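Asker: Once you've had a glance at the structure underneath, I'll fire off some questions.
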Amino acid sequence: MRSQLNVVDHPILVDGALLVLVLAHAVLTWLTPLPDIWEPLVQFDAGVQSALYLGFFGAAALVSSFAGVVIIFGLTPQSIRWQRFRVEAGESLARNWTSTSASGFIGAGLALAAGVAALSGGAWLAPWLFELGIGLVAHSSVRLIFLMRKLVDVIRGDDVEAVRKADNRPASEAPWNRNASAQD
């Protein structure tokens with residue numbers, strides 16, 4: 001039986017597909033009558049273009065920062081449930097965590113490169129760098145939400161277990177017994 005390749009476990013495949021799609025979009029725009037959606041942007045002053053790209057740079061940096069928070073959130077707990085989760089998820093989890101951080105940083109770098117290109121005579125290239133950055137950051141954001149949801153499920157399991165243990169305490173620890181001994 002053949003196993004199927006799962007893009008959830010291989011985020012680099014999605015990033016690679018995004019690169020191919022942006023390249024195909026650029027080539028089709030240059031070589032066919034496909035309308036250039038970026039043409040109106042390129043017509044603006046380089047400073048205006050650069051401001052847009054650098055504004056996105058900030059958003060991409062935020063996504064990368066949030067990726068770091070999610071990773072620390074998943075690495076810090078040491079309960080058996082968390083350890084089992086990390087062991088079972090293994091390399092797939094490592095690839096996903098790495099991808100979310102890297103995609104945000106690469107998106108920020110592409111936004112910065114687009115801003116520099118707009119200001120240094122490469123206005124034709126800047127929107128394509130920007131488009132790829134948007135794709136990578138959007139992919140990273142969706143993947144982060146997916147990962148965060150999985151981590152919340154694990155923490156919920158820990159919380160349920162802790163509440164069950166707390167509720168199974170001896171009758172001598174019941175609130176009505178503690179209040180009676182405190183009054184003596």
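Asker: With a cut-off of 8 Å between alpha carbons and a minimum separation of six or more residues, what is the relative contact order of region 1-118 in percent?
Answerer: On the way: 68 pairs, mean separation 50.6, N = 118.
Relative CO of region 1-118 lands at 43 percent.
Asker: May I pose another question? In debye, nearest 20, what is the charge dipole magnitude of the chain about its Cα centre with +1 on Lys and Arg Cβ and -1 on Asp and Glu Cβ, if you could check?
Answerer: Charge dipole of the chain: 620 debye, to the nearest 20.
Asker: Okay, moving on. Roughly how large, in nm² to one decimal, is the mean projection of the convex hull of the alpha-carbon atoms in region 1-84? Mind showing how you got there, number by number?
Answerer: Values: hull surface 40.1 nm².
Its Cα hull, projected and averaged over all orientations, spans 10.0 nm².
Asker: Using all Cα-Cα distances in region 35-184, what percent lands in each 10 angstrom bin from 0 up to the longest?
Answerer: So the P(r) values, bin by bin, are 11, 27, 19, 15, 12, 8, 4, 3, 0.
Asker: What does the convex hull of the alpha-carbon atoms of region 86-127 project to on average, in nm²? Could you put the intermediate results ahead of the total?
Answerer: Details: hull surface 12.4 nm².
For the Cα atoms of region 86-127, the hull's average projected area reads 3.1 nm².
Asker: How large a share of the accessible area of the chain, in percent, is made up of carbon and sulfur atoms when the probe is 1.4 Å and the other protein chains stay in place?
Answerer: Values: 7740 of 11350 Å².
Solvent-exposed carbon and sulfur of the chain make up 68 percent of the total.
Asker: Using θ = phi - 60° and the Karplus form 6.51 cos²θ - 1.76 cosθ + 1.60, what ³J(HN,Hα) does each residue of region 75-85 get, whole Hz, x for Gly and Pro?
Answerer: 8, 6, x, 10, 5, 4, 4, 5, 5, 4, 4
Asker: Let me ask something additional. Write down the accessible area per residue of region 89-140 in Å², having rolled a 1.4 Å probe over the full set of protein chains. Spell out each step's value before the answer.
Answerer: Values: 1890 Å² over 52 residues.
With the other protein chains kept in place, region 89-140 gives 36 Å² per residue.
Asker: A further question on this structure: Per DSSP H run of at least 4 residues, take -39500 (n - 2.57); add these up for the chain, divide by its residues and hand me the 222 nm value, nearest 500 deg cm²/dmol. Mind dumping the intermediate values first?
Answerer: Working: 6 runs with 147 residues, N = 184.
Taken over the chain, the calculation gives -28000 deg cm²/dmol.
Asker: Express the accessible area of region 21-72 per residue in Å², computed with a 1.4 Å probe while the remaining protein chains stay in the model. Show your work: numbers first, answer last.
Answerer: Details: 3110 Å² over 52 residues.
That works out to 60 Å² per residue.
The values are calculated or read from the model by the stated rules, or taken from the named source; none is laboratory data. Owing to the predicted nature of the structure, the values given are computational and were not obtained by experimental measurement. Using ideal geometry, Cβ is built from the backbone for each residue, glycine included, and neighbour counts are taken over all protein chains shown. The accessibility values were calculated without ligands, DNA or RNA, using every heavy atom of the protein model including side chains. Shrake-Rupley method; radii C 1.70, N 1.55, O 1.52, S 1.80 Å.
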